[in-house]
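To keep things clear, I will list the structure first and then write my remarks on it.
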Amino acid sequence: RYRARRHLREAAGRDPVETNVEHFAAGLIAQATAGVGEEGQNVVLDVYSNVGWLAIWVGIGLIIISPAINYLMHLSTLKDDEHPLAGEAQLGQPGAGGVHPAEKTKS
């Protein structure tokens with residue numbers, strides 16, 4: 001089941017880790033492209049080309065294994081609750097709470 005508090009805790013714990021990984025990768029790219037002489041443009045293009053191809057291959061790998069990940073998530077076991085929320089049957093009905101202009105007439 002989806003639990004909002006648990007999701008927020010996990011996201012709050014994941015966010016600093018993801019930021020640190022992003023900064024580490026940016027540092028590696030900066031080191032690889034720094035301090036190049038006359039052939040600087042070619043080195044920078046090679047580094048970014050390698051990073052781009054790595055991203056493409058990681059994406060292809062994730063697409064290939066996504067059915068297995070979907071299966072492991074056990075989504076087929078989730079079902080809707082049999083008992084609706086209190087008052088759900090009255091939503092949108094004439095007797096539901098709210099303003100009823102037809103009932104209010106000026107005399």
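Okay, here's what the table says:
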quantity	calculated
Estimated inter-spin distance, Lys79 and Glu22, nm [label 7 Å along Cα→Cβ]	4.1
Cut-off 15 Å between beta-carbons: net charge of the residues surrounding Leu45, Lys and Arg +1, Asp and Glu -1	-3
Prolate/oblate/rounded call for the range 16-58, Cα gyration tensor, a/c under 1.5 rounded	oblate
Burial ranking of peptide ranges 41-52, 58-69 (average Cβ count within 10 Å, highest at the top)	41-52, 58-69
Computed label-point distance, nm, for sites Leu45 and Leu62 using a 7 Å Cα→Cβ extension	2.9
Linear extension gain, Ile29 paired with Tyr71, 0.36 nm per residue minus alpha-carbon span	11.6 nm
Extended-chain gain in nm, criterion 0.36 nm per residue less alpha-carbon gap, Val36 and Asp15	4.2 nm
Whole-Hz ³J(HN,Hα) from phi, Karplus 6.51 cos²θ - 1.76 cosθ + 1.60, for the range 49-59, glycine and proline x	5, 5, 5, x, 5, 4, 4, 5, 5, 5, x
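Values in this text are rule-based calculations from the coordinates and carry no lab data. In this text, all values refer to a predicted model and were calculated from it rather than measured experimentally. Heads up, the Cβs are rebuilt from the backbone with ideal geometry, glycines too, and the neighbour counts pull from every protein chain shown.
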